[in-house]
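**Student:** Sending over a structure as structure tokens; questions will come in a sec.
The values are calculated or read from the model by the stated rules, or taken from the named source; none is laboratory data. Note that the structure is predicted; figures quoted are calculated from it, not measured. No Cβ is skipped: glycine too gets one built from the backbone with ideal geometry, and neighbour counts run over all protein chains shown.
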């Protein structure tokens, strides 16, 4: 299993743009660059849509941290437990290998 990642290292943060049409996920290594890691559209700004947009943005911003926790968990596991396979599959998906 490869442990190399190609994504922008964390931490990532959510930058809310009240005036624009989207908010952004910005990585610590990209602070001085114009392009964000991801844009979260403000298509549905009903109360429900805004709650979902914030939830999606925070989940995306947490991705590098979640990846690191699962990577450490996999490295510490012994043997072929079912959870280990699921964690390895999730890591591969995050790396774009699945």
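**Student:** Of the conditions (1) under 21 Å from residue 94 (Cα atoms); (2) modelled with pLDDT of 80 or more; (3) part of a helix (DSSP H, G or I); (4) out of contact with any helix residue (DSSP H, G or I) (no Cβ under 6 Å at 6 or more places or on another chain), residue 52 fails just one. Which one is it?
**Tutor:** Tallying (1) under 21 Å from residue 94 (Cα atoms); (2) modelled with pLDDT of 80 or more; (3) part of a helix (DSSP H, G or I); (4) out of contact with any helix residue (DSSP H, G or I) (no Cβ under 6 Å at 6 or more places or on another chain), residue 52 fails exactly one: (1).
**Student:** Pick from the range 78-98 the residues that are surrounded by 14 or more Cβ atoms within 10 Å (Cβ to Cβ) and in contact with a helix residue (DSSP H, G or I) (Cβ under 8 Å, 6 or more places away or on another chain): which of them is modelled with the lowest pLDDT?
**Tutor:** Within the range 78-98, the match that is modelled with the lowest pLDDT is 94.
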